[in-house]
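Okay, so here's the structure we're looking at.
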Amino acid sequence: MTDEPRSYEQAAGRIEEIIKRLDSGEAGLRETLDLVREGRELVEWCAGELEAVGAGLEELRLDELVARLERGGAAPGGAEPGSGP
Amino acid sequence: MDEANQAGARPAGIEGSQLKGPFPVGEYAAALRTRLREMARIQVFGEVSNLGVRAKAVYFELRDQTGALPCSMWRTDYDRIGVELENGAQVVLAGGCDYYPGSATSSPSFTFRASGLRVAGEGELLAQIERLRRKLHAEGLFDPQKDLHRPALPRAIGVVTGERGKARDDVLAGLGRRGWAGRLVWAFAPVQDRRAAPLITRALQDLAAVGHVDAIVVARGGGSVMDLMAFSDETLCRTVAMLPVPVIASVGHHTDRTLIDDVASVSCSTPTHAAESAVRLHCGDARRAAAAAAGRLERGGRRAVVERARRLTALSRAPAEHVSSERMRMHQRVREMRAAGARREADEASVTRRRLLVLRRQSERLAAASSREDGVAGKQARELSRAAGSILTGRRRDLERLSLALAAHDPERTLERGYALVERRDGEPVTSAAAAREESVVSLRFADGRVGARIDQEEETS
C-alpha cells in the first residue's frame, strides 16, 4: 500500500474489494500475495483507528484548550490536525 | 396536607402571619379559576409560536417583542373557524383568561382561552427568517457543508451546546450507543438569549481552528421560534456554511426549522440522532468486521498458496504416473503379442502338418509311378553307356597322338641332345647373330643348367 487511506470507510471498502477478488479465485499467485499484504495493512490501519476511539472517552473543554494555547502551551491530543482520516 | 386530610383537620397557620388561611390548595385554585373567568373578555394580537394541534384543543403561544401569553382553543371552535394556523402567523384572538386547577395527579395551567381568531398576516420573525433563507440559498451557501467529507469514524468530535441542557446528556447517550469513546471537545455556549449567536459562532470557529475535530455537533432542545432565533442568525449561518469541518445540527424539535439546519452538513431531529450521525459506524460492529476481514484475508491467502502447491505436486507426479501407466500398457501389449504368436505358431504347425501329410501322399503316389517307369529308363541307360564308351576310346587315341607330336617339338628335347639355347638375361631367346651383337652378356641354357657368356665382337670380323 503506497498511500494511506483517506478514511475508515474507504479502507473498509478496499478490504471488501480485496476479499471479493480473493474469493473469486481469479487472482494469480503474485496478485494474491500483493492483495493479502495490502489487505493486512488496511486491517491494521482500521484496527488503529478503532483503537483510537475505543480506549476511553476523553472529554475536553474548548475554553480550556483556547486558554492553554493563549498561554503558549500545546493542545492535548497532539498538533496534527487531520491526523485522522 | 395529606396528614391534615387524613386527620380531617385544617393545619395550623404560620405563627405570626396576619394572612387568612391556610386554605386547601384545591379550594383556592378553584376560586382562582372563578376569579380569572370573571375578568373581562378582550381581544389580543401577536405572533403564533410553539403551535400544537391536539385532538381536543389547539395550544400555542402568542408573542410580541415585550411579552407572551399561553393560549388555547377548543378544537370545535378552531375547526369551525376553518383556518390553518402556523408558527409565525400574526393573529388576533378573542377570549379570556382561564385556569385549570389541576388535581392530585395532573399539573395546573393558565391559558388565554380563545373562542375567536383572525389571521392578521405572516409573522414578522418567520418572514424575516424566510427572507434570509432565500438569500443564503441564492448565494449557494446551502451547498459547501454538504460537499464536505464526513468521516464515518471521527477520532475527535466537537459539541456546541448549553452546559446545563439535556442535549449534553443526549449527545453522550448517542455516542455511547455507537460504542464510540474518542476525544470529545465541549464548547459550551448560551443557546437562547441575545448573546447566543455570536458566542456560538466563536465556538464553531475555535473548534475548527484549535480543537482538531473531525465533526461538530450543534445541539439544542426544543423552544419557541424566538428561543431558537439565535440559530437563524445570519453571521452564524454564514460561518457554518464556510466552516471546513462538517457541522451536524440538531436544534429544536422536528417541527422547527432554523437556518442552521439548511446550511449545515446534516440536520437531525434530536441531539442523540445528531451524535449517531457524527459517528456513522457502530464501533463494536466495525471491530468484529475488521477481525472477520483479517480472518478472511488470511484464509484467502493461505488457500491460494495451498491450492497452487497441491496443483504443483500433482503436476510433479504426473510424468511418473504417465510412465508407469505407459509401462503397464506396453507389458499388456507384449503379453497380447506373445499370446497371439503362440496361437499363430500352433495354427502354422497344424497347417504344416496337413501340408506334410499331403506331400507324403503325393510322394507315395510319385514313387509308385516311378517304379513303373524304371524298366524303360534302364534300357535307355545301358544304350547310352555303350555309346559313351566308344566315344571315349576314340578320343583317348587322338590325345596320345597329339602328345607325341608335341614332344617332338619340345626345345627341352633338343637341349637333351646337346644343343644350347642363347637367352638374354631377362630370359628372352636370342635367335640371331645380330641380336647377339646387341647384347654384351647372354645366358646359355643347357639341358642340365645355365651358364653366363660374354659376346666377343672380334669373332664377327673373322
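The values are calculated or read from the model by the stated rules, or taken from the named source; none is laboratory data. For clarity, every value in this text was computed on a predicted model and none was experimentally measured. Please note: Cβ atoms are built from the backbone with ideal geometry, for glycine as well, and neighbour counts cover all protein chains shown. To get the accessible areas, we keep the full protein, side chains included, count just its heavy atoms, and leave off ligands, DNA and RNA. Shrake-Rupley method; radii C 1.70, N 1.55, O 1.52, S 1.80 Å.
What does the buried accessible surface come to for B and A, summed over both chains, with the probe at 1.4 Å? Round to 100 Å².
3600 Å²
For every other residue with a beta carbon closer than 10 angstrom to the beta carbon of A:GLY28, add +1 if it is Lys or Arg and -1 if Asp or Glu, then tell me the sum.
-1
How big is the dipole moment of the protein assembly as shown about its Cα centre under a simple scheme where the beta carbon of each Lys and Arg is +1, that of each Asp and Glu is -1, and everything else is neutral? Debye, nearest 20, please.
That gives the protein assembly as shown a dipole magnitude of about 3320 debye.
Could you look at the protein assembly as shown and say what percent of its accessible area is carbon and sulfur, using a 1.4 Å probe and all protein chains?
Carbon and sulfur together cover 53 percent of it.
Could the peptides B:324-335, B:296-307, A:22-33 be put in order, highest first, of the mean number of other beta-carbon atoms found within 10 Å of their residues?
Descending packing order for the listed peptides: B:296-307, A:22-33, B:324-335.
Quick one: Kirkwood hydrodynamic radius for the range B:67-201, alpha-carbon pairs, angstrom, one decimal?
Across the range B:67-201, the inverse of the average 1/r is 20.0 Å.
Name the residue farthest towards the positive end of the dipole of the range B:309-462 from the options B:LEU421, B:SER440, B:ILE455, assuming +1 on Cβ of Lys and Arg, -1 on Cβ of Asp and Glu, about the Cα centre.
With unit charges placed on the Cβ atoms, the residue in question is B:LEU421.
How many Å² of accessible area per residue for the range B:171-238, probe 1.4 Å?
Result: 34 Å² per residue.
Within a Cβ distance under 11 Å of B:PRO151, other residues only, what is the Lys/Arg minus Asp/Glu net charge?
Overall, the nearby charge balance is +1.
Tell me the accessible surface of B:ILE391 in square angstrom (1.4 angstrom probe, heavy atoms of protein chains only), to the nearest ten.
Accessible area, nearest 10 Å²: 90 Å².
Under 29 Å Cα-Cα from B:LYS135, which lysines qualify once same-chain neighbours fewer than 8 residues away are excluded?
Here the lysines satisfying the reach criterion relative to B:LYS135 are B:LYS146.
When only the heavy atoms of the protein chains count and the probe is 1.4 Å, how do B:CYS97, B:CYS268 rank by accessible area, highest first?
B:CYS97, B:CYS268
Using the Cα centre of the protein assembly as shown as origin and beta-carbon charges of +1 (Lys, Arg) and -1 (Asp, Glu), tell me which of B:LEU392, B:ALA368, B:ALA29 is placed farthest towards the positive end of the dipole.
Final value for the positive-end residue is B:ALA368.
Over chain B, calculate the relative contact order: mean separation of alpha carbon pairs under 8 Å at least 6 apart, over the residue count, as a percent.
9 percent
Taking the Cα centre of each part, how many Å lie between the range B:219-251 and the range B:108-162?
Taking the Cα centre of each part, the range B:219-251 and the range B:108-162 sit 7 Å apart.
To the nearest 20 Debye, how big is the dipole of the range B:1-131 about its Cα centre, given +1 on the beta carbon of each Lys and Arg and -1 on that of each Asp and Glu?
440 debye
Name the long-range amide H neighbours of B:VAL225: under 5 Å, sequence gap of 5 or more, or other chain; modelled H, no Pro or chain starts.
Excluding prolines and chain starts, which carry no amide H, the hits are B:ASN50.
Quick one: what does P(r) look like for the range B:314-424 with 5 Å bins over all Cα pairs, in whole %?
Final binned percentages: 2, 8, 6, 6, 5, 6, 5, 5, 5, 5, 5, 5, 5, 5, 6, 5, 5, 4, 3, 2, 1, 0, 0.
For the range B:193-345, what D do you get in µm² per second when you plug the Kirkwood radius from alpha-carbon pairs into Stokes-Einstein at 25 °C and 0.890 mPa s?
It comes out at roughly 112 µm²/s.
Of the beta bridges DSSP finds with both residues in the protein assembly as shown, what % are antiparallel, to the nearest 5?
That works out to approximately 65 percent antiparallel.
One quarter of the convex hull surface, Cα atoms only: what value does that give for the protein assembly as shown in nm²?
Across all orientations, the protein assembly as shown yields a mean hull projection of 95.1 nm².
Going Cα to Cα from B:LYS20, which aspartates and glutamates come in below 16 Å? Please leave out same-chain ones fewer than 8 positions away.
Filter leaves no residues.
Count the net charge of all other residues whose Cβ sits under 15 Å from the Cβ of B:ALA340, scoring Lys and Arg as +1 and Asp and Glu as -1.
Around B:ALA340, the charge tally is +1.
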